[in-house]
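The values are calculated or read from the model by the stated rules, or taken from the named source; none is laboratory data. Only a predicted model underlies this, so the values are computations on that prediction, with no experimental measurement involved. So basically every Cβ, Gly included, is an ideal-geometry build from the backbone, and we count neighbours across all protein chains shown. Only protein heavy atoms, including side chains, enter the accessible area calculation; ligands, DNA and RNA are left aside. Shrake-Rupley method; radii C 1.70, N 1.55, O 1.52, S 1.80 Å.
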There are 2 protein chains.
Amino acid sequence: MSMPTIIQVAAMAGVSTATVSRVMSHPDRVAEATRRRVLEVVESLGYKPNVAARTLRTLRAAKILVTVPDISNPFFASVIRGAEEAARDAGYAVVVGDTRHDPSIEDQYADMLSSREVDGLIFLGHRLPDNLRPLMAMQGARAPVVNGCEYSPDIGVPSVHIDNAAAGCDAVEHLIGLGHHDIGLVTGPHVSPISRDRLAGAMQAAERHGLRDRLQVRVGDYSAQSSADHVPDLVAQGVTGLFCFSDEMAMGAISAIRQAGLSCPDDISVIGFDDLPLARFFQPGLTTIAQPKGRIGQQAVELLVNILQGGDSPVSQITLPHELVVRSSTRLIG
Amino acid sequence: MSMPTIIQVAAMAGVSTATVSRVMSHPDRVAEATRRRVLEVVESLGYKPNVAARTLRTLRAAKILVTVPDISNPFFASVIRGAEEAARDAGYAVVVGDTRHDPSIEDQYADMLSSREVDGLIFLGHRLPDNLRPLMAMQGARAPVVNGCEYSPDIGVPSVHIDNAAAGCDAVEHLIGLGHHDIGLVTGPHVSPISRDRLAGAMQAAERHGLRDRLQVRVGDYSAQSSADHVPDLVAQGVTGLFCFSDEMAMGAISAIRQAGLSCPDDISVIGFDDLPLARFFQPGLTTIAQPKGRIGQQAVELLVNILQGGDSPVSQITLPHELVVRSSTRLIG
DNA sequence: TCGAGCGATGTAATCCTTTACATCGACTTT
DNA sequence: AAAGTCGATGTAAAGGATTACATCGCTCGA
């Protein structure tokens, strides 16, 4: 039937509800004998404290919500893992929400914060949910909201990310260093700040070598299909080095390159972004920019927990190091 | 500061809390003018009902929990997507928990059900969390718990899955049909019922062609690395056709095959399982068994919602169709 | 021997919403 | 004009747990 309540447990153990509550939350404040008796009843009844009631009373849910724009992107999985572990260490559980890039779903998950179902929110997308505006306005940097990956200075939310401009720069420098002059870029959507940053870095690198005008820029959406669609055109433009802003797009591009009767890396070098777990198993092994995915999640949680505990050091922006991983999808031209 | 409560809204709008509550939940039972006045105050204060209090009172959280054993496996992402959409249609939100195959984490998420934080649970792993035993014992098939993918008859939980034995059979038949006699299998862990079923089906197919003794069976854990590790040995055994119980393992195997100086499919044909989004972009395009991932999630939710609404038709086991997708990682021998 | 001090436990207010039931005014019906 | 309806709103009792404060025995010191 219905779950047993603390009242039933108390009655059956011959103590007050206060004592039962103490047994559950502060066992040391209860005499050994009493504790044992209560625990026996708890066991036999299968009693579980009602979290809604507890949350209502304590204003603490012991839970952190992590929202991702696309749960099928393995990149986020690793970030979530890192967050999960750090949260567990700090006494919080993590629940995940998939917003599918849909603002109304983002809002719905954000409501879990406003309504106190969770203590804090880490959002991995690029847009601060509208519903959070009032909260941010009221609490500013003390609001329990942290962004991961997609730093956007104007939203005024603490954030953990890599230096995407520098990373974009590194990728293009790598291609240029291999002798490529006709370089193609498949970016993310324009609204994505990380895509803008990577693009800016890439252009800067090209500029530096006087190759800015020969850069071929195409817009993708981080999915394999979206870059595959651009490949025929890029091939026609004579591109020999291709920088895709995600590993999935790199894989899509390589597949399309072969479809076009060409070879990666013999005809076209391709470099990706993220270093997904599968990147090293792909054929050819993917050259890519590795992000410290786990650490991004971990640090985001630490930032959040610090806010939740009223820590006064408002470290608001954390930049983590990235790394160029060279495998076999890029090689010297010619 | 702290969030506004219904009492403040009521005071400011000059009505009772009951009216405010009605405006939020049953707008039609409130006079037009009053409703507008209240909504204005709600807006200006940024009032959001406290979900803990509401849940406590109504015993309904409007939320479904989906737990996955490994969130980095893209297979589950698609299942979650399907579940999310179906849940939304039924008026429920979905939250996801990553258990990392850890029983204690499974238990912790299961507690969200016992404690009424969520109305129902869909678990995608193979093990019923211990914490749920009492609940299942009490409520039997009316417990709001559904399993996805990993049907295990002994746990007595409604479930949605494909016919894994038949699928395993199809895969091996495909290889045999291409002329392969020395067939290798990389399974999942022994504890996984789906792995056992696929293995049984595969053996049955081999048996049928008198090839049972030549079957080379190795145990993996669904990860790319785990199958890559077995490849040198399998190659030494003269295997020409390899059936991996996941696409990730197929990709790992293909990578290792190349590492060994051989080619897929020229020397060894490889068939995977799941038809991940990336399967068609892999080199070579992966031959694989496609599962209706989205529909699995969707049907699981429908089963669950039916239970939640006290539906009396205890359809407990749903078998969905699978499909062999032939791409270029398998070919005629010789 | 008596009171201070202390550990263990009980009492009861509180967290915020929902909702059955009561109330109230206005309108219809006969 | 009295009685009955009806729609809109208010009143107050849950719902289950936590915790400040009160209480009750005891022990210990003087």
The range A:164-254: strands (runs of 3 or more DSSP E) wholly inside it with 2 or more residues that are touching a residue at least 60 places away in the same chain (Cβ under 8 Å) and touching a Leu at 6+ places or on another chain (Cβ under 8 Å) are A:183-187, A:241-244
When restricted to A:Phe282, A:Phe273, the only residue over 16 Å from A:Arg88 (Cα atoms) and outside any strand (DSSP E or B) is A:Phe282
Here the residues within the range B:9-42 that are near DNA strand C (Cβ under 8 Å from one of its atoms) and open to solvent by 30 Å² or more (accessible area, probe 1.4 Å) are B:Ser16, B:Thr17, B:Ala18, B:Ser21, B:Arg22, B:Met24, B:Ser25, B:His26
When the range B:124-133 is checked residue by residue, the ones that are crowded, with 18+ Cβ neighbours inside 10 Å and without any contact (Cβ under 8 Å) to a residue 60 or more places away in the chain are B:Leu124, B:Gly125, B:Leu128, B:Pro129, B:Asn131, B:Leu132
**Q.** Any chance B:Ser72 is facing another protein chain (nearest Cβ under 8 Å), part of a loop (DSSP other than H, G, I, E, B) and of a type in the set (Ser, Thr, Tyr)
**A.** yes
With respect to A:Asp233, is the statement that it is surrounded by fewer than 24 Cβ atoms within 10 Å (Cβ to Cβ), at pLDDT 95 or above and outside the structural domain of A:Asn73 (by TED's automatic domain parsing) true? yes
Checklist entry - Taking B:Glu106, is it more than 14 Å from the chain's Cα centre (by Cα), closer than 23 Å to B:Asp197 by Cβ and in the same structural domain as B:Glu150 (by TED's automatic domain parsing)? => result yes
Check your understanding: What about B:Gln309, is it among the polar types (S, T, N, Q), more than 26 Å from B:Gly201 (Cα to Cα) and within 14 Å of another protein chain (Cβ to nearest Cβ)?
Key -> no
Selection over the range A:240-258 where residues are open to solvent by 10 Å² or more (accessible area, probe 1.4 Å) and away from chain B (no Cβ under 12 Å) yields a count of 1
Suppose the filter is open to solvent by 30 Å² or more (accessible area, probe 1.4 Å) and either in the same structural domain as B:Glu84 (by TED's automatic domain parsing) or touching a Cys at 6+ places or on another chain (Cβ under 6 Å) (or both); does B:Gln225 pass it?
no
Out of (1) within 10 Å of chain A (Cβ to nearest Cβ); (2) aliphatic (A, V, I, L, M); (3) surrounded by fewer than 22 Cβ atoms within 10 Å (Cβ to Cβ), the one B:Val96 does not meet is (3)
key: Yes/no for A:Gln259 being out of contact with any His (no Cβ under 7 Å at 6 or more places or on another chain) and over 30 Å from A:Arg88 (Cα atoms)   = yes
When the range B:85-134 is checked residue by residue, the ones that are touching a Phe, Trp or Tyr at 6+ places or on another chain (Cβ under 9 Å), in a loop (DSSP other than H, G, I, E, B) and over 26 Å from A:Val79 (Cα atoms) are B:Asp119
Those residues of the range A:290-306 which are more than 14 Å from chain B (Cβ to nearest Cβ) and within 25 Å of B:Ala256 (Cβ to Cβ) amount to A:Ala290
State whether one or more residues within the range A:65-77 are at pLDDT 90 or above and either of a type in the set (Lys, Arg) or within 16 Å of DNA strand C (Cβ to nearest atom) (or both).
no
Expected single match for over 23 Å from B:Ile254 (Cα atoms) and either open to solvent by less than 20 Å² (accessible area, probe 1.4 Å) or modelled with pLDDT of 95 or more (or both) among B:Leu178, B:Leu185, B:Leu211 is B:Leu211
Filter result for A:Ile64 (more than 10 Å from chain B (Cβ to nearest Cβ) and not in a helix (DSSP H, G or I)) | yes
A:Pro158 vs (1) within 27 Å of B:Ser44 (Cα to Cα); (2) more than 13 Å from every other protein chain (Cβ to nearest Cβ); (3) open to solvent by 30 Å² or more (accessible area, probe 1.4 Å): all pass except (3)
Item to complete: State whether one or more residues within the range B:46-55 are more than 10 Å from every other protein chain (Cβ to nearest Cβ) and either within 13 Å of DNA strand C (Cβ to nearest atom) or open to solvent by 20 Å² or more (accessible area, probe 1.4 Å) (or both).
Response: no
* To do: Taking A:Asp267 as the residue in question, decide whether it is among the charged types (D, E, K, R), out of contact with any Leu (no Cβ under 7 Å at 6 or more places or on another chain) and away from chain B (no Cβ under 14 Å).
  => yes
In the range B:58-70, anything open to solvent by 10 Å² or more (accessible area, probe 1.4 Å) and either acidic (Asp, Glu) or more than 16 Å from DNA strand D (Cβ to nearest atom) (or both) is listed as B:Lys63, B:Thr67, B:Pro69, B:Asp70
